[in-house]
Amino acid sequence: MKTSELSLRKAVEILNAGGIIAYPTEAVWGLGCDPLNEEALADLIQLKDRSWKKGLVLVAAHVDQLEPYIAPMSAAMRKRVTATWPGPSTWVLPASAGLSPLLTGGRSTIAVRVSAHPLVSALCQMFDDALVSTSANHSGHRPARSALQVQSWFGASIDFVLAGSTGSEPGPTEIRDAQTGKVLRPIQRVGGE
């Protein structure tokens, strides 16, 4: 078994146990947890010192992993959204009923992305579900660009750091409204270390 596969298995083991992991994404480091574990969601929000009303992003290896979290899409909406996936586009879609308000921010929508980042995709495939993906930072601060920054900022508060490299995107992904196509947050360019 390759080291990366062992690391992925360890990350999944921690996610299944309700832990919080850090991992590289398209542009910055992310923090993640099991989106169905209420305690893990609360821990992650507290760790970031972030308002639960902001909601969280889900990332997946393929659109099927998002189906339990989103309401059925019209054909036109599905075409608009899936044309950008896999890739660095996060879409706000109508949420399925019964999701934790910690995930949705108490809204009837949820932000989701199908990632083209190979490590994120492999992690979601091995976890066999979508994963919470929020930038590795304290609320209001710049996101981590390296594992060293993640460890410096969060230390033992994170259960596992999945080694790897971020992608080539200039900053956190843009977020768009799937019903209107409106850009809610443009790509946020961040500097190097």
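The values are calculated or read from the model by the stated rules, or taken from the named source; none is laboratory data. The shown structure was predicted, so the numbers you read here are calculated from the model rather than taken from an experiment. Cβ: placed from backbone, ideal geometry, glycine included. Neighbour counts: every protein chain shown.
Considering each of 156, 144 in turn, give the residue that is more than 20 Å from residue 86 (Cβ to Cβ), assigned to a loop (DSSP other than H, G, I, E, B) and hydrophobic (A, V, I, L, M, F, W, C).
Values: 156 fails: assigned to a loop (DSSP other than H, G, I, E, B).
That would be 144, the only listed residue that is more than 20 Å from residue 86 (Cβ to Cβ), assigned to a loop (DSSP other than H, G, I, E, B) and hydrophobic (A, V, I, L, M, F, W, C).
So which residues in the stretch 82-123 are within 17 Å of residue 52 (Cα to Cα), under 15 Å from the mean Cα position of the chain (by Cα) and not in a helix (DSSP H, G or I), if there are any at all?
Step one: list which residues in the stretch 82-123 are within 17 Å of residue 52 (Cα to Cα), which gives 92, 95, 98-112.
Checking the rest, the ones that are also under 15 Å from the mean Cα position of the chain (by Cα) come to 92, 102-105, 110-112.
Result: 92, 105, 110, 111, 112.
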TODO: Take residue 187 and decide whether it is at pLDDT below 90, of a type in the set (Val, Ile, Thr), assigned to a loop (DSSP other than H, G, I, E, B) and within 23 Å of residue 116 (Cβ to Cβ).
DONE: yes
Open item on the list: What's the total number of residues in the stretch 102-122 that are closer than 10 Å to residue 59 by Cα, buried (at least 20 other Cβ atoms within 10 Å of the Cβ) and of a type outside the set (Lys, Arg)?
Closed with: 5
Task: Residue list for the stretch 16-56, filter: over 13 Å from the mean Cα position of the chain (by Cα), within 21 Å of residue 126 (Cα to Cα) and among the polar types (S, T, N, Q) - done: 16, 37
Open item on the list: Just checking, does the stretch 16-24 include any residue being at pLDDT 95 or above, among the aliphatic types (A, V, I, L, M), surrounded by fewer than 18 Cβ atoms within 10 Å (Cβ to Cβ) and more than 23 Å from residue 116 (Cα to Cα)?
Closed with: yes
TODO: Tally the residues that are over 26 Å from residue 101 (Cα atoms) and exposed (fewer than 13 other Cβ atoms within 10 Å of the Cβ), restricting the search to the stretch 132-162.
DONE: 4
Open item on the list: What are the pairs with Cβ atoms under 9 angstrom where one residue, in the stretch 128-149, is closer than 26 Å to residue 37 by Cα and the other, located anywhere, is assigned to a loop (DSSP other than H, G, I, E, B) and of a type in the set (Phe, Trp, Tyr)? Sequence gap at least six, or different chains.
Closed with: none
TODO: Would you mind telling me which numbered condition in (1) assigned to a helix (DSSP H, G or I); (2) touching a residue at least 12 places away in the same chain (Cβ under 8 Å) residue 76 fails?
DONE: (2)
